[in-house]
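A.B. asks: Please find one structure pasted underneath; my questions will follow.
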Amino acid sequence: MSFLCYLLNSFSECLIEVFGPMTIYFPSAMKACGMLLWCEFGISVHCLALKIRFDGDVFVGSSVVDMYAKCGEIRDARKVFDGMLVRNVVSWSGLICGYTQLGEDDEALRLFKQALWEDLDVNDFTFSNVITGLWQFYPS
């Protein structure tokens, strides 16, 4: 976890020193916030992305969805997801996983079906979350 703290600290220093944040920094900072469950810091980074208009980047948007979902803020994750013009497997997986972790398996399954309908190439992570959710419908 110390590497993640270092990453967040470096991100903050980059902003303070006016190097100008670039879109590549945001996903890393969001991932760290999600792993550490630092939702408040993640919200600050998200607000910064909105302010400097990086929110339209699919990688930034996907990392924001994933961070909110990991922090249990599924409404915020869904709001960002629904506002994305372009979605990728990370944004779909992050939201599906968030619903599964909250026990909202029916919504996770509905999203998975929608992702397949939209021809998304799901990955093992996405599929394993859906299987976990389905497992609760058919206990042994």
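A.B. asks: Would you pick out the residues in the range 20-40 that are assigned to a helix (DSSP H, G or I), at pLDDT 90 or above and not acidic (Asp, Glu)?
C.D. replies: Correct list: Met30, Lys31, Ala32, Cys33, Gly34, Met35, Leu36, Cys39.
A.B. asks: (1) modelled with pLDDT of 90 or more; (2) in a loop (DSSP other than H, G, I, E, B): which one isn't true of Ser91, the others all being true?
C.D. replies: For Ser91, the exception is condition (2).
A.B. asks: Please go through the range 83-115 and pick out each residue that is loosely packed, with under 13 Cβ neighbours inside 10 Å and over 14 Å from Val60 (Cα atoms).
C.D. replies: Gly103, Asp106, Lys113, Gln114
A.B. asks: I would also like to ask the following. Quick one: is Arg53 open to solvent by 70 Å² or more (accessible area, probe 1.4 Å) and at positive phi?
C.D. replies: yes
A.B. asks: Further question: So, Gly83, is that one modelled with pLDDT of 85 or more and under 22 Å from Ile131 (Cα atoms) or not?
C.D. replies: Spelling it out, it is not the case that Gly83 is modelled with pLDDT of 85 or more and under 22 Å from Ile131 (Cα atoms).
The values are calculated or read from the model by the stated rules, or taken from the named source; none is laboratory data. If you're wondering where the values come from, they're calculated on a predicted model, not measured in any experiment. No Cβ is skipped: glycine too gets one built from the backbone with ideal geometry, and neighbour counts run over all protein chains shown. Surface areas here come from the heavy atoms of the whole protein model, side chains and all, with no ligands, DNA or RNA. Shrake-Rupley method; radii C 1.70, N 1.55, O 1.52, S 1.80 Å.
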